[in-house]
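Remarks on the structure that follows.
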Amino acid sequence: MSALPGAPHIAWRGHQLFVEGQSADALAREHGTPLYVYSRGAMLGALAAYQRALTGRQHLICYAMKANSTLAVLQTFAQAGCGFDIVSVGELERVLAAGGDASRVLFSGVGKRPDEMRRALEAGIKCFNVESVAELRTLSGVAQAMNRRAPVSLRINPDVDAGTHPYISTGLKGNKFGIAHDEALAAYRIAASLPGLEVAGIDCHIGSQITQLGPHLDALERLLDLIEALEAEGIAIRHIDVGGGLGITYTDEAPPDAGALVRQLCARIDARGHGARELLFEPGRSLVGNAGVLLTEVLVLKPGSVKNFCIVDAAMNDLLRPTLYDATMGIVPCTLRDGAPVLYDVVGPVCESGDWLGRDRALAVLPGDRLAILSAGAYAFAMASNYNSRPRAAEVMVEGDRAFVIREREKVAALFSNERLIDR
Ligand code: LLP
């Protein structure tokens, strides 16, 4: 058995690709394609790497559920003791529906509506990660009207370059996110003075798919500077939330592992005498990315004078990352066949030239074969759409030899069941 890079639960057994104890081809035959398949063991294993390194320290891992918010995924993390990082009331309702605990929920995001604030307060979330002074004032008003005090943390924009794709870099001055480091003291003074708020912590999140330790450590140092300045003024900070962002191996990236990241961050925190504070993490991709694959069937091989196309039944509506971020995700056959590989662009049936899943991939395939697109556990199904009136794919969770359908394939009729013809 040989595992795929960064994905110990997804491995070759001879010529066949397996997700834990289930063959990818057999799952595709049984459930159809496109099909998302996840390894529960991989998710729990990725979580355990954070948990092990945090043993003995007051901490909370809040899974950033935007990466994959399917109920059974949330249930898996809730049962393993996780909290959740949410960015909408829809995500809060998902957490509650999956059996998650509201008192372990952080509410992030630059634009929260008052009704979302109310619902989160009513549910009793752990903390609002606030991103502007205007939001502080609105939240205070909402909480006061409910006779409550909202626990808040300010998301600091530390002006640190995460060295990642511009669309997923969030900690630079020019980004819409967070409160500038040099405006943070003033914002905390306002937070401390508002009657509907209670200062609980401090947070940052500098970007996603970060493959170096340096940016995380630089951002932490800036948070610690602020904590010291705030406490000198009598504003107490209970928790430090270092956000998410740890990258994964898609092809040849070599990010630090979660244990190394946690240990280095803790060493800095301890060295500056802040070891007793509760430490919060908001990992998304690093918990689920390499736990998933997207299975798809080859429909047509279309040779050309400039490019050969391998047209498959998954498309940009199922997996937006390649075209949106120019992301390279591994693509392998579910069953290896003999024959000389040919260079293909792997593309879907959607009517856009941007509908590509992989470029210049060497594949030995025939129509009817199935391919697995790797690292598709994060920001894959979660970003799916119904463009071209394509129903969204089914999802299966594998645990050992067992496979559970955790989302049925969407039915075409459901796509327009909430639409109305004009009555005339
Ligand atoms: N916390 C906050 C406040 C965030 O905005 C995010 C991600 C996370 C945590 C989790 O970051 P992670 O550990 O997953 O890197 N769709 C893009 C990624 C967008 C990330 C948005 N924020 C992609 O497919 O690459």
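The values are calculated or read from the model by the stated rules, or taken from the named source; none is laboratory data. Here the structure is a predicted model, which is why all the values come from computation and not from measurement. Cβ: placed from backbone, ideal geometry, glycine included. Neighbour counts: every protein chain shown. The area values use the complete protein model at the heavy-atom level, side chains included, leaving out ligands, DNA and RNA. Shrake-Rupley method; radii C 1.70, N 1.55, O 1.52, S 1.80 Å.
Provide the per-residue ³J(HN,Hα) series for the stretch 271-284, in order, calculated from phi with Karplus coefficients 6.51, -1.76, 1.60 and θ = phi - 60°, each as a whole number of Hz, with x at glycine and proline positions.
In residue order, the calculated couplings are 4, 9, x, 10, x, 7, 6, 5, 10, 10, 10, 10, x, x Hz.
Once amide H atoms are built 1.01 Å from N in the peptide plane, which residues 5 or more positions from residue 64, or in another chain, come under 5 Å H to H?
Under 5 Å from the amide H of residue 64: 85, 284.
Which residues in the stretch 221-236 place their backbone N less than 20 Å from a point set 7 Å from the Cα of residue 192 along the Cα-to-Cβ direction?
Zone members listed by number: 222-236.
Average the reciprocal distances over every distinct pair of alpha-carbons in the stretch 192-303, invert the result, and give the Kirkwood radius in Å. Don't skip to the answer; put the middle values down first.
Details: mean 1/r = 0.0613 Å⁻¹.
Across the stretch 192-303, the inverse of the average 1/r is 16.3 Å.
Under the Karplus relation 6.51 cos²θ - 1.76 cosθ + 1.60, θ = phi - 60°, what is the ordered set of whole-Hz ³J(HN,Hα) values for the stretch 226-231, x standing for Gly and Pro?
3J(HN,Hα) across the stretch 226-231, in whole Hz: 5, 4, 5, 5, 5, 5.
Would you report the distance distribution of C-alpha pairs in the stretch 71-204 as whole percents per 10 angstrom bin, up to the bin with the largest distance?
13, 40, 33, 14, 0
What FRET efficiency would be calculated for the residue pair residue 134, residue 15, taking the C-beta separation as r and a Förster radius of 60 Å, to the nearest 0.05?
0.55
Under 11 Å from the 7 Å Cα→Cβ point of residue 307, by amide nitrogen: which residues of the stretch 315-345?
Residues passing the 11 Å test: 344-345.
Report the FRET efficiency, 1/(1 + (r/R0)^6), for residue 52 and residue 423, where r is their Cβ-Cβ distance and R0 is 45 Å, rounded to 0.05.
Details: r = 61 Å, r/R0 = 1.36.
Computed FRET efficiency for residue 52 and residue 423: 0.15.
Principal axis extents for the stretch 108-283, Cα atoms only, whole Å, descending order, please.
52, 33, 29
Taking only protein heavy atoms and a 1.4 Å probe, what accessible area per residue, in Å², does the stretch 108-283 have with all protein chains in place?
39 Å²
Nearest 500 deg cm²/dmol is fine: what mean residue ellipticity at 222 nm does the chain get from its DSSP H runs of n ≥ 4 alone, each adding -39,500 (n - 2.57), divided by its residue count?
Mean residue ellipticity, 222 nm, calculated: -8500 deg cm²/dmol.
Contour minus end-to-end for residue 236 and residue 1, with contour as 0.36 nm per residue of separation and end-to-end as the Cα-Cα distance? Spell out each step's value before the answer.
Working: separation 235, 0.36 × 235 = 84.60 nm, distance 5.26 nm.
Length gained, residue 236 through residue 1: 79.3 nm.
Give me the number: length gained by fully extending residue 385 to residue 343, i.e. 0.36 nm times residue separation minus the C-alpha to C-alpha distance, one decimal in nm.
Length difference between fully extended and current span is 12.3 nm.
Summarise the long-distance tail of P(r) for the stretch 1-156 by giving the % of C-alpha pairs beyond 20 Å. Can you show the working numbers first?
Working: 7117 of 12090 pairs.
Pairs farther apart than 20 Å: 59 percent.
Hey, any idea what % of the stretch 167-245's accessible area is carbon plus sulfur with a 1.4 Å probe?
52 percent
At 25 °C and a viscosity of 0.890 mPa s, what translational diffusion coefficient does Stokes-Einstein give for the stretch 27-94, taking Rh as the Kirkwood radius over Cα pairs? Give it in µm²/s as a whole number.
Translational diffusion coefficient: 182 µm²/s.
For a quick check: with amide H placed at 1.01 Å from N, whose amide H comes under 5 Å from residue 201's, ignoring anything fewer than 5 positions away on the same chain?
So residue 201 has HN proximity to 152, 153, 154, 238, 239.
Using alpha carbons only, what's the Rg to Rh ratio of the chain with Rh from Kirkwood?
Numbers: Rg = 22.7 Å, Rh = 22.7 Å.
My calculation puts Rg/Rh at 1.00.
Students often get this wrong: which residues of the stretch 318-341 have the backbone nitrogen under 18 Å from the point 7 angstrom along Cα-to-C-beta of residue 30?
Only 334-335 fall inside the zone, counting backbone N under 18 Å.
Gain in length, residue 165 to residue 336, computed as 0.36 nm per residue apart minus the alpha-carbon separation, to one decimal in nm?
58.3 nm
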